Amino acid sequence: MLPAAAGYDRAITVFSPDGRLYQVEYAIETVRRGTLAVGIKSKDGVVIAVEEKARKLQVSDVTQKIFQIDDHIGVAAAGYIPDARTQVDHARFFAQSNRLIYDEPVDVEGVAKNLADMAQQFTQYAGVRPYGVALILAGVDKNGASLYQTDPSGTYIGYDAVAIGMEVIRLMNSWKKITTPTLAWKKQVALLWNQYISSVKRKLVQGISKWHR
């Protein structure tokens, strides 16, 4: 980094002359260096999976990167996982508040937007840092199967299939050619799983969860 830009590197609330927030970019880089998480939408449900590298003697049948928000919504995370737990707790409170107030399950997009708003607030106030985690939110609500991604900048986007963490560019480029949301979820998972194995050439994905109609 050039000396002239060093001062902007230390402040979350100040844009650099070229219009960048370096601390937000560093948080996004933390996500890029995290282990892989994927989400796949089909005509009758949605599936999320994460890659976990278990330590010696770790209980490997309990995933650390997939969380349940409500009966119909799940989350996969990549990046700094303690930050993910904070956002998941917030999302659970939001979902349960919606049930108490409106007596109906919260929309998946509503949770994604709420978490994105929360992440965005941590990009504009002094004395805080951005969340170093991206989330894939998957679920089935009154609108059908839904799949969203949030990132440290406060952006949220809907997808048919999405990946976060390492190897994302290669994997997403290969998925563009084969993703077919009209397939049943079992066929969709088999199709994309085979593409994952062939493009990334690893077999470390654990902790698969699904939500269906």
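The values are calculated or read from the model by the stated rules, or taken from the named source; none is laboratory data. Because the structure is predicted, anything quoted here is derived from the model rather than measured. Every residue, glycine as well, gets a Cβ built from its backbone with ideal geometry; the counts of neighbours run over all protein chains shown.
Annotations for the structure displayed:
- Residue list for the range 69-93, filter: in a loop (DSSP other than H, G, I, E, B) and either in contact (Cβ under 8 Å) with a residue 40 or more places away in the chain or of a type outside the set (Asp, Glu) (or both): His72, Tyr80
- Considering the range 117-163, the residues that are within 15 Å of Val75 (Cβ to Cβ) and in a helix (DSSP H, G or I) include one that is nearest to the chain's Cα centre (by Cα), namely Ala119.
- Flag if Gln96 is outside any loop (DSSP other than H, G, I, E, B), in contact (Cβ under 8 Å) with a residue 12 or more places away in the chain and surrounded by 14 or more Cβ atoms within 10 Å (Cβ to Cβ): no
- Number of residues in the range 126-155 that are in contact with a strand residue (DSSP E or B) (Cβ under 9 Å, 6 or more places away or on another chain), farther than 13 Å from Glu109 by Cβ and not polar (S, T, N, Q) equals 8.
- Any hit, the range 54-68, residues being assigned to a helix (DSSP H, G or I), touching a helix residue (DSSP H, G or I) at 6+ places or on another chain (Cβ under 9 Å) and either among the polar types (S, T, N, Q) or within 30 Å of Lys142 (Cβ to Cβ) (or both): no
Residues are listed down the side, and each one gets a yes or a no for (1) more than 21 Å from Ile12 (Cα to Cα); (2) modelled with pLDDT of 95 or more; (3) among the β-branched types (Val, Ile, Thr):
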| residue | (1), (2), (3) |
| --- | --- |
| Ala84 | no, yes, no |
| His90 | yes, yes, no |
| Phe94 | yes, yes, no |
| Asp107 | yes, yes, no |
| Lys113 | yes, yes, no |
| Met118 | no, yes, no |
| Tyr125 | no, no, no |
| Val140 | yes, no, yes |
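- Taking (1) part of a helix (DSSP H, G or I); (2) modelled with pLDDT under 95; (3) polar (S, T, N, Q) in turn, Ser16 satisfies each apart from (1).
- All positions within the range 51-75 that are basic (Lys, Arg), within 18 Å of Met166 (Cα to Cα) and surrounded by fewer than 21 Cβ atoms within 10 Å (Cβ to Cβ): Lys53
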